[in-house]
Amino acid sequence: MKYLVLLAVLAAAFGIWNNRRRAEVQQRRQRAARSRPGAPQPMVACAACGLHLPRTEAASDGQGRWYCQEHRP
């Protein structure tokens with residue numbers, strides 16, 4: 001009888017340990033997924049100085065020329 005109780009306690013302890021381990025692995029995967037860089041952005045060159053910067057940070061003059069913050073029209 002005491003071996004049956006010991007086996008039940010060991011099985012419960014193993015189950016708890018296994019659940020915590022799975023939760024930690026899942027958290028690591030979520031953190032890794034969040035830390036991945038985003039998709040590449042299209043780059044443009046400043047018409048005045050040639051600096052390359054993301055299109056979202058550049059200003060256009062409406063004629064297809066892009067400018068950095070320092071040379072915005």
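The values are calculated or read from the model by the stated rules, or taken from the named source; none is laboratory data. Predicted model, so just to flag it, every value in this text is computed and none were measured. Cβ placement follows ideal geometry from the backbone for every residue including glycine, while neighbour counts extend to all protein chains displayed. To get the accessible areas, we keep the full protein, side chains included, count just its heavy atoms, and leave off ligands, DNA and RNA. Shrake-Rupley method; radii C 1.70, N 1.55, O 1.52, S 1.80 Å.
Would you pull out the residues with amide H under 5 Å of Val44's amide H, same chain only if 5 or more places away, H placed 1.01 Å from N?
Amide H neighbours of Val44: Leu53, Arg55.
Using unit Cβ charges (K, R positive; D, E negative) and no other charged atoms, how large, in debye to the nearest 20, is the dipole of the chain about its Cα centre?
640 debye
Which angle between 0 and 90 degrees, to the nearest 10, do you get for helix 2-35 versus the longest principal axis of the chain when only C-alpha atoms count?
Tilt of helix 2-35: around 0 degrees.
Can you give the FRET efficiency to the nearest 0.05 for Ala32 and Val5, using r as the Cβ-Cβ distance and R₀ = 35 Å?
Numbers: r = 41 Å, r/R0 = 1.18.
About 0.25, to the nearest 0.05.
For the chain, how big is Rg over Rh, using alpha carbon atoms and the Kirkwood form of Rh? All intermediate terms of the calculation are to be shown ahead of the outcome.
On the way: Rg = 28.5 Å, Rh = 17.2 Å.
Computed over Cα atoms, the ratio is 1.65.
For the range 57-73, in order, what is each residue's ³J(HN,Hα) by Karplus, 6.51 cos²θ - 1.76 cosθ + 1.60 with θ = phi - 60°, in whole Hz (x at glycine and Pro)?
Those phi angles translate into 9, 9, 10, 9, 8, x, 10, x, 9, 10, 9, 6, 4, 6, 10, 4, x Hz.
Can you give the accessible area of Val5, probe radius 1.4 Å, in Å² rounded to 10?
That residue has around 80 Å² of solvent-accessible surface.
Report the one residue of Gly62, Ala33, Leu10 whose Cα lies farthest in the direction of the positive end of the charge dipole of the chain (charges on C-beta: Lys and Arg +1, Asp and Glu -1; origin at the Cα centre).
Leu10
When the Cα centres of the range 29-71 and the range 1-26 are compared, how far apart do they sit, in Å?
Each part's Cα centre sits 52 Å from the other's.
Calculate, in nm to one decimal, what Ala12 and Met43 gain on full extension: separation in residues at 0.36 nm each, minus their alpha carbon distance.
On the way: separation 31, 0.36 × 31 = 11.16 nm, distance 5.64 nm.
Stretched fully, the Ala12-Met43 segment lengthens by 5.5 nm.
Taking a probe of 1.4 angstrom, what is the accessible area of Ser35 in Å², to the nearest 10?
Accessible area, nearest 10 Å²: 90 Å².
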